[in-house]
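Asks: The structure follows.
The values are calculated or read from the model by the stated rules, or taken from the named source; none is laboratory data. As the structure is a prediction and not an experimental result, all values here were calculated from the model. Reconstructed Cβ throughout: ideal geometry from the backbone, glycine too, with neighbour counts over all protein chains shown. The area values use the complete protein model at the heavy-atom level, side chains included, leaving out ligands, DNA and RNA. Shrake-Rupley method; radii C 1.70, N 1.55, O 1.52, S 1.80 Å.
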Amino acid sequence: MRSLTMSQEKQERIKACLQELATLLYSEADKSQLIDLEGIEKTVRSQILELVSPEIALFLLNKKQEQK
């Protein structure tokens, strides 16, 4: 695995995308669970596992298949 040496421009773009994603995920979150660090962590983990990770994995799989 290569080290993460990403340009400042790409890092800023990722941050902007993540802010937008966080806003969308927050709008769908159960606000009653966001009262303490444990609830926030569980909510974030659940959303990442259910919504974010599968999309990233699918993207990477498609990229790998394109290389063949």
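Asks: Rounded to the nearest 0.05, what FRET efficiency is calculated for LEU61 and LEU21 with R0 set to 30 Å and r the Cβ-Cβ distance? Could the numbers behind the result be given before it?
Replies: On the way: r = 20 Å, r/R0 = 0.68.
With a Förster radius of 30 Å, E is 0.90.
Asks: Let me ask another. Ignoring any ligand, DNA or RNA, what whole percent of the accessible area of the chain comes from carbon and sulfur when the probe is 1.4 angstrom?
Replies: Details: 3770 of 6480 Å².
Reported share for carbon and sulfur atoms: 58 percent.
Asks: Using the Karplus equation 6.51 cos²θ - 1.76 cosθ + 1.60 (θ = phi - 60°), what ³J(HN,Hα) coupling, rounded to whole Hz, does each residue of region 50-66 give in order, writing x for Gly and Pro?
Replies: Values per residue, Gly and Pro as x: 7, 10, 8, 4, x, 5, 5, 4, 5, 4, 5, 4, 4, 4, 5, 5, 5 Hz.
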